[in-house]
Each structure stands twice: as structure tokens, then as C-alpha cells.
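Asker: The structure under discussion is supplied below as C-alpha cells; questions concerning it will follow.
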Amino acid sequence: MESSRKMNGRFRPSNCIPAEHCMNQPLTGNIDRRKFLGTAGATATCLAVLGTARGEDATTPTQPARQSPFVTRGVYFHDGFTVEPRSHAPLYWDRETWQREIRWLDACGINAIEFATMLEFSRLPSTELERRKISDRLHLRDYAHSLGIQFAYQLSNTAVSTVPAGDEPGHQLQDRAVMLCPRQPGNFEKTLGIQKFFLDTYRGADFFEVMAADWGGCTCGQCGVPEYLRYISALAERLAEVHPGARLHANTWSISLWGKPTWGSNPDNGGWQDMFEKEITGSRAVIAALPSLPANVHLALPCHHLYRALTFKVYGGKTNTPSFPTPEDVQRVHRAGREILAWPHFVMDDDAYRARSWGIVHSEARYIQALLRELRRIGIDRVMGNLYLPLLQLPNTFVYGRLLQDPERDPASILQDFARLLAHRDDVRKLTDVLLWVENNSYWQQQMPPDGRLPNLPCKLTQKTALELASEVKANPNPEMSVPMPAGAWLRDLHRSIDRMSWAV
């Protein structure tokens with residue numbers, strides 16, 4: 001059961017980006033994606049297929065450009081955790097590392113990135129560290145825009161850092177933050193002022209989100225959805241003043257934490273189902289309020305009931321889990337003239353509260369595909385995936401980008417394409433087989449109730465033979481597209497990860 005803490009480069013022509021960015025080339029890769037794809041447009045396929053049939057030569061011609069079924073193809077970065085080695089934790093990254101990651105995302109077909117103010121940083125900046133992180137993100141906003149990628153920023157509401165003024169904030173597990181009830185005198189003004197500061201600071205963002213809770217929210221027993229919407233209205237009005245063309249999404253993640261909890265202080269004590277039920281009712285209350293909210297307000301939904309193992313388990317299986325949102329919910333949002341963004345979490349990466357799956361390579365191609373298919377079925381064409389440790393999750397990022405372009409692609413063939421990118425051509429088959437084993441034994445699959453578990457992809461390896469093959473794979477010395485870290489280093493991370501998968505067979 002999950003912890004209650006979390007409900008949760010390549011070369012370019014010199015006229016493509018500002019001159020100051022041309023000095024910051026990636027570690028690997030030397031092919032411009034737009035040259036690689038010919039005349040593909042902004043909404044066309046952002047990746048060439050390097051060969052989809054097992055054993056196909058890497059020189060297979062690219063497929064014709066295809067219209068993407070997803071308008072927003074985003075990645076949210078959670079940079080509030082630490083990990084060993086520290087080089088994998090975005091909390092400590094410099095601009096160069098971030099730029100390599102953004103070039104990789106661009107090559108994968110991602111067209112939006114999103115940041116947030118981590119809990120300990122939720123205050124007016126008072127240290128050089130805080131000012132530097134803001135400066136770096138403003139630089140990355142402009143860098144993303146130079147590549148045609150949208151920049152988004154996640155705001156909170158009641159969360160306030162308790163780190164003493166002048167002391168540097170750190171990683172999130174230190175728990176140095178509180179949630180202030182907005183009904184108490186002065187608290188709404190104080191907390192809104194902090195969020196307005198970050199909205200003003202990142203005013204050049206293409207859109208913002210305001211997360212309902214976790215972090216944020218209030219469980220005093222008197223506060224509810226109206227208090228959350230009070231923040232939405234105030235921030236939307238401020239955004240209309242400083243950046244009239246930008247959008248603000250009300251994100252109902254953990255909206256059940258606006259109200260008196262029936263589970264006590266810990267959802268693990270039998271209250272998870274109540275929390276997820278209240279997510280439906282709270283989200284629908286926001287949908288009903290959309291016509292009365294400022295015109296720049298749109299919606300973001302966590303979509304837990306569509307994909308999340310924990311949700312399926314607390315309802316007694318996937319077949320017993322209510323579907324939310326439904327096509328009718330999506331249609332109500334569209335009739336109100338508002339956009340809807342899916343904000344599913346954990347399927348591409350995990351967080352530090354699940355120690356067994358933290359800090360290892362993941363592969364969930366089948367589950368990413370199932371989620372994206374379901375989103376399109378109900379009418380959602382905007383999605384924001386998550387990355388906590390992006391350098392580890394190269395295969396999921398690659399798969400996500402490919403499936404956003406075509407949700408019907410065969411997951412095994414996409415994993416082979418990724419293997420062809422990272423492995424020497426003589427070892428592509430070996431790495432493909434290892435990735436198939438990792439996919440079949442992912443912790444996400446392990447958590448699924450039986451009726452939510454997808455069939456395994458064909459693979460005869462065991463953990464022992466997967467480790468042996470992984471140790472034999474040689475790195476591709478010249479990947480076809482930008483990769484944010486040396487292939488050999490990632491292959492070593494893969495081997496280490498397989499060794500840590502204690503639940504696997």
C-alpha cells in the first residue's frame with residue numbers, strides 16, 4: 001500500500017535557437033530532429049521510426065509524418081527529492097544538465113514542460129540558493145520557448161515553508177512546511193501573496209496550474225471546494241493582469257483534502273476509498289463552477305480512477321472501480337468553453353515514499369499505452385506525465401513520446417527502438433530482451449490487482465539471465481538522437497536496477 005504522504009541535444013542550425021544556447025551541446029547525439037524528420041510540422045510526428053520489427057536494420061527509412069492525437073504532450077518535473085547518486089536528482093541540477101534533458105524531451109516529441117515550487121521553497125526567497133533556482137528556471141523557460149516547447153508552472157495555495165528565514169530549503173522529506181487554514185485571519189492574504197509572487201515571477205509561462213492539495217488544502221472541517229475556488233479566482237484575475245494570453249488550470253489532485261477527513265490523519269487506516277470518492281465529487285463541483293469562473297480558468301484532473309493501481313486495489317479491483325472522468329464529464333468541460341488536461345502521476349516514475357521502486361530504471365510501456373488510449377476514448381487530448389528522476393527513466397520517456405504520437409504502436413517495437421538508440425547495433429537484441437523483462441516485472445505491474453494486470457510481453461529471461469545479458473550490452477557510440485547522459489552510464493544504472501528488483505522472478 002502506498003504511503004499516505006503522497007496522493008499522490010543535438011546540433012541545430014544556428015537560426016533555430018538564440019546564439020547563447022549554441023554553446024551548450026548535448027553529451028551525445030548529433031542529428032537535428034527537424035532535419036531527421038524532413039518537413040514534419042509542429043503537430044506532426046516528432047520522432048522517426050528507426051525500425052519497428054525485431055531484427056530490422058537500423059537504416060530503415062523513416063515513416064511518413066502523422067498528426068498527433070494529443071495537443072499537449074507534457075512532462076512535469078518534481079525536483080524536491082534527493083537520491084544517490086546526487087547527479088540523478090534534479091534538485092541539484094545546473095542549467096547545462098537541464099538543457100540536455102529538455103533537448104531529449106524535444107527529440108522524444110514532448111511539447112510542454114512544467115515546474116513547481118517545492119514545499120520547503122514555498123515562501124518569499126531569502127537565500128542565494130532560492131534566487132539561483134528562480135534564475136535557472138527563467139532561463140529554462142526561455143530555452144524551452146526557443147525550441148517551441150511550452151513552459152508551465154504549478155502553484156499551490158495554503159502551503160507555507162517553515163524553514164527559518166536565511167536558512168536554505170532542502171529536500172521534501174524533511175517536512176518543513178505547514179498548511180494554513182484560509183479562514184483564519186490573515187492566512188488567505190499571506191498564502192495568496194506567496195503564490196502571486198511565483199505567478200508574477202513566471203509570468204511568461206504559457207499556462208499555470210493550481211493544485212488543490214498535497215501540497216495545499218485544509219482539513220479544518222469548515223473549509224471545502226469554495227475555499228479552493230477562492231484561490232483559483234484570485235490567481236486567475238492576477239494572471240489576466242500580468243499575462244492576458246496565459247491559461248490557469250484548476251488541478252483537482254487531492255481535492256478531497258479540502259474538507260473534514262473521515263480517515264483521520266492517515267488514509268492507510270481504511271480511508272483511501274473515501275478519499276478517492278471525494279475526489280470525484282470535488283472535481284465535479286469544480287466542473288459545475290467553471291462557467292462562473294474567470295474566462296482564463298481551465299481544468300486539470302488526476303484521473304486516478306482510470307489507471308492507478310492503488311485506486312483499483314482500494315475498490316476491490318479494476319472492474320469495481322468507478323470510471324472518472326467519464327465522456328460526459330469531459331463534454332461538460334468543453335461545453336463550458338474550457339480545456340481539460342489529464343495529470344496522471346506515478347506511471348512513468350515513482351517517488352521517494354515507495355523505497356523499493358525509488359531510484360531505479362522503470363519500464364511501463366503497456367500501462368502508459370493503456371492510459372493514453374483511455375484518455376483519447378473519453379475525449380481528453382492534453383496530458384502531463386511526471387518525471388522525478390528523469391535520467392533513469394529514459395525508456396518510459398521515449399515510450400511516452402512515441403505513444404503520444406500514436407497510441408496504437410506496439411510497445412515491444414518501441415522498446416526495441418529505444419534499445420537501438422542506446423545499444424551497439426550488435427547488442428540491440430540483448431538490450432531489447434532485457435527491457436522486455438524489466439517491463440514484465442515492473443513495480444507498477446507488481447502493485448496491480450489481478451484484474452488490472454496487463455498480459456506480459458513475450459520474454460523468456462529470468463532475473464539472473466537479465467542481469468547477465470545487461471552486463472554484456474555495449475553502448476551505442478553515436479545515438480541517432482539527443483540523449484541526456486552517456487549511454488554506457490545509463491546501461492550501468494539499468495544493471496544496478498535489475499539487481500534491486502527484489503520482487504521480480
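The values are calculated or read from the model by the stated rules, or taken from the named source; none is laboratory data. Every value quoted in this text rests on a predicted model; they were computed, and no experiment measured them. All Cβ positions, glycine included, derive from the backbone under ideal geometry; neighbour counts span all protein chains shown. To get the accessible areas, we keep the full protein, side chains included, count just its heavy atoms, and leave off ligands, DNA and RNA. Shrake-Rupley method; radii C 1.70, N 1.55, O 1.52, S 1.80 Å.
Asker: If amide H atoms are built 1.01 Å from N in the plane of the peptide, which residues on other chains or at least 5 residues away come under 5 Å of the amide H of residue 300?
Answerer: Those lying under 5 Å, H to H, from residue 300 are 250, 251, 252, 341.
Asker: OK, next. Near the amide H of residue 475, under 5 Å away, which other amide H atoms are found, from residues 5 or more places off or on another chain, if H is placed in the peptide plane?
Answerer: Placed amide hydrogens put 424 under 5 Å from residue 475.
Asker: Let me cross-check residue 368: its accessible surface, 1.4 Å probe, with only protein heavy atoms counted, in Å² to the nearest 10?
Answerer: 0 Å²
Asker: Taking a cut-off of 22 Å between Cα atoms, list the lysines near residue 196, but don't count ones fewer than 8 places away on the same chain.
Answerer: Those lysines meeting the cut-off are 133.
Asker: Which residues does the label zone of residue 242 cover in the range 149-165, counting backbone N under 17 Å from a point 7 Å along Cα→Cβ?
Answerer: 151-159
Asker: Kirkwood hydrodynamic radius, the range 344-408, all distinct C-alpha pairs: what's the number in Å?
Answerer: 12.2 Å
Asker: At q = 0.13, 0.17, 0.26 Å⁻¹, what base-10 log of I(q)/I(0) does the Debye formula yield for the range 434-505 when every alpha carbon is treated as an equal point scatterer in vacuo?
Answerer: Reported log10 I(q)/I(0), two decimals: -0.45, -0.71, -1.17.
Asker: Okay, moving on. Would you list which lysines come within 22 Å of residue 260, measuring only between C-alpha atoms, while excluding same-chain residues fewer than 8 positions from it?
Answerer: Cα-Cα hits under 22 Å: 6, 278.
Asker: Also: Which of the lysines could be linked to residue 460 by a straight reach, that is with a Cα gap under 26 Å, when you skip same-chain ones fewer than 8 residues away?
Answerer: 430, 474
Asker: With just the Cα atoms defining each centre, how far is the range 444-505 from the range 215-252? Give it in Å.
Answerer: Centre-to-centre distance over Cα atoms comes out at 41 Å.
Asker: Based on DSSP H runs of at least 4 residues, each adding -39500 (n - 2.57), what is the mean residue ellipticity at 222 nm of the chain after dividing by all its residues, to the nearest 500 deg cm²/dmol?
Answerer: Per the formula, -11500 deg cm²/dmol.
Asker: Might you work out the accessible area of residue 298 for me, using a 1.4 Å probe with all protein chains in place, and round it to the nearest 10 Å²?
Answerer: 20 Å²
Asker: Which of rounded, prolate, oblate describes the range 111-248, given a ≥ b ≥ c as roots of the alpha-carbon gyration tensor eigenvalues and a/c under 1.5 marking rounded, otherwise prolate only if a/b is larger than b/c? Could you put the intermediate results ahead of the total?
Answerer: Values: a/c = 2.01, a/b = 1.24, b/c = 1.62.
The shape class here is oblate.
Asker: I've got another one for you. Say R0 is 56 Å: what FRET efficiency, to the nearest 0.05, do residue 200 and residue 499 get from their beta-carbon distance?
Answerer: 0.75
Asker: Write down the percent of antiparallel bridges among all DSSP beta bridges whose residues are both part of the chain, to the nearest 5.
Answerer: Counting DSSP beta bridges with both partners in the chain, the antiparallel share is about 15 percent.
Asker: Can you compute log10 of I(q)/I(0) for the range 417-462 with the Debye formula, treating each Cα as one identical point scatterer, at q = 0.13, 0.14, 0.27 Å⁻¹?
Answerer: Per q value, in the given order, log10 I(q)/I(0) is -0.35, -0.40, -0.94.
Asker: Using the crude model of +1 on Lys and Arg Cβ and -1 on Asp and Glu Cβ, and no other charge, please compute the dipole size for the chain relative to its Cα centre, in debye to 20.
Answerer: That gives a dipole near 520 debye.
Asker: How large is the accessible surface of residue 367 in square angstrom, using a 1.4 angstrom probe and rounding to the nearest 10?
Answerer: Taking all protein chains as shown, residue 367 has close to 10 Å².
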